[in-house]
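**Q** First the structure, which I've put down as structure tokens, then a few questions once you've had a look.
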Amino acid sequence: MTALSSFLSRDWLLSETPSSRTHAAWVRRYRGWLQFRGNGLAMVGLITVIVMIVASLAAPLLAFQDPSTQDLAGRLAPPSAAHWFGTDELGRDIYARILYGGRVTLGMVVAVVLLVAPIGLAIGCVAGYFGGIVDRALMRLTDVFLAFPRLVLALAFVAALKPGITSAVIAIALTAWPPYARLARAETLTVRNTDYVAAVRLTGARSGRIILRHIVPLCVSSVIVRVTLDMSGIILTAAALGFLGMGAQPPMPEWGTMIASSRAYILDQWWVPTIPGIAIFVASLAFNLLGDGMRDVLDPRQR
């Protein structure tokens with residue numbers, strides 16, 4: 001118990017002379033948390049993101065009705081005690097559909113990030129480390145993807161496949177990786193000729209090991225910041241694909257699809273398309289605020 005108390009003590013976490021590499025890592029993390037906690041807007045973003053994720057995961061417990069249950073007699077009902085956010089054109093409870101739609105939208109965001117970040121990080125680190133023809137070939141490929149607007153290119157990929165969540169995730173991932181590759185390449189160019197990388201190279205370490213063990217860890221923090229800031233754009237792209245009929249397909253509750261199916265009622269029954277739009281706005285704003293706070297903590301140029 002005494003050892004645990006010492007480990008968790010504030011003095012230990014704020015020590016100016018860490019006793020080990022692990023101690024130094026905990027000191028750095030705790031100081032970063034203190035800096036992040038001092039940013040009020042970043043904390044608002046973090047809390048909002050956590051609430052959205054928890055609410056989406058707990059949708060079966062928080063939703064009072066099934067999101068697919070239709071009640072034509074109660075269609076287009078305004079917000080009330082029975083239906084907190086009202087009902088849509090088929091009498092389905094909008095509150096339940098928002099909760100379950102968060103699973104779809106946020107799940108797409110997570111899937112895209114898990115695909116995009118490793119791909120962009122790997123391409124950028126390889127291009128920056130090797131240079132020469134490898135760098136030129138990979139960067140020209142990156143330029144090709146950057147030459148097209150992301151949404152237009154995503155629409156082309158989805159049209160080549162078939163509308164659906166899987167196609168939308170793949171399309172967004174294929175159009176979102178170039179900025180990460182550019183960022184990782186720039187970070188790699190600044191460290192590939194440093195003394196410690198040269199020392200590792202002199203020990204006989206292979207290029208793959210150097211990139212994986214010594215280059216990639218130095219690029220991860222910048223990529224994390226970029227991912228957090230890009231999540232709002234991924235949400236908007238996913239919602240746009242759903243709105244255009246290329247993403248999640250009805251009757252699946254997805255925020256962009258919900259707006260598309262109810263846009264005819266925006267003047268008379270404003271709550272039907274507006275509430276999914278508010279959900280998209282809140283999610284995008286929360287990730288932007290969170291990303292700004294993480295940039296202040298993780299980006300050394302901001303310190």
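Read-outs throughout are calculated quantities, based only on the coordinates presented, and are distinct from any laboratory measurement. These numbers come from a predicted model, not from an experiment. Here Cβ is always computed from backbone atoms with ideal geometry, including for glycine, and neighbour counts include all displayed protein chains.
**Q** Being free of Cβ contacts under 8 Å to residues at least 40 places away in the same chain and either in contact with an Asp or Glu (Cβ under 7 Å, 6 or more places away or on another chain) or of a type outside the set (G, A, S) (or both) is true for just one of Q65, Q35. Which residue is that?
**A** Sole residue among the options that is free of Cβ contacts under 8 Å to residues at least 40 places away in the same chain and either in contact with an Asp or Glu (Cβ under 7 Å, 6 or more places away or on another chain) or of a type outside the set (G, A, S) (or both): Q65.
**Q** Could you list, in sequence order, all residues of the stretch 77-106 that are crowded, with 17+ Cβ neighbours inside 10 Å, farther than 25 Å from A240 by Cβ and among the hydrophobic types (A, V, I, L, M, F, W, C)?
**A** Answer for the stretch 77-106, where residues must be crowded, with 17+ Cβ neighbours inside 10 Å, farther than 25 Å from A240 by Cβ and among the hydrophobic types (A, V, I, L, M, F, W, C): just A77.
**Q** Follow-up question, since we're still on this one. Being on the phi > 0 side of the Ramachandran plot and touching a residue at least 40 places away in the same chain (Cβ under 8 Å) narrows it down to one residue among G204, G164; which is it?
**A** G164
**Q** Looking only at the stretch 216-236, which residues are among the charged types (D, E, K, R) and within 8 Å of the chain's Cα centre (by Cα)?
**A** Result: D230, single match.
**Q** Regarding the stretch 132-139, can at least one residue be identified that is surrounded by fewer than 19 Cβ atoms within 10 Å (Cβ to Cβ) and of a type in the set (K, R)?
**A** Within the stretch 132-139, one or more residues are surrounded by fewer than 19 Cβ atoms within 10 Å (Cβ to Cβ) and of a type in the set (K, R).
**Q** Here is a list: M231, M258, M246, M252. Which entry is touching a residue at least 60 places away in the same chain (Cβ under 8 Å) and either among the aromatic types (F, W, Y) or closer than 18 Å to A77 by Cβ (or both)?
**A** When all the criteria are applied, what remains is M258.
**Q** Okay, next question. Kindly check whether there is at least one residue in the stretch 126-148 that is closer than 30 Å to S262 by Cα, free of Cβ contacts under 8 Å to residues at least 24 places away in the same chain, in a loop (DSSP other than H, G, I, E, B) and not polar (S, T, N, Q).
**A** No, there is no match, as no residue in the stretch 126-148 is closer than 30 Å to S262 by Cα, free of Cβ contacts under 8 Å to residues at least 24 places away in the same chain, in a loop (DSSP other than H, G, I, E, B) and not polar (S, T, N, Q).
**Q** Sticking with this one: I need the full set of residues from the stretch 200-222 which are surrounded by 11 or more Cβ atoms within 10 Å (Cβ to Cβ), among the small types (G, A, S) and part of a helix (DSSP H, G or I), in order please.
**A** S207, S221, S222
**Q** Do we find that G120 is buried (at least 18 other Cβ atoms within 10 Å of the Cβ), assigned to a helix (DSSP H, G or I), on the phi < 0 side of the Ramachandran plot and among the small types (G, A, S) in this structure?
**A** yes
**Q** State yes or no: is A260 surrounded by fewer than 23 Cβ atoms within 10 Å (Cβ to Cβ), out of contact with any helix residue (DSSP H, G or I) (no Cβ under 8 Å at 6 or more places or on another chain) and closer than 22 Å to H83 by Cβ?
**A** So A260 fails the test.
**Q** So, in the stretch 68-97, how many residues would count as being assigned to a loop (DSSP other than H, G, I, E, B) and either under 25 Å from the mean Cα position of the chain (by Cα) or among the basic types (K, R) (or both)?
**A** 2
**Q** In addition: Within the stretch 63-93, count every residue that is of a type in the set (A, V, I, L, M) and in contact with a Leu (Cβ under 6 Å, 6 or more places away or on another chain).
**A** 1
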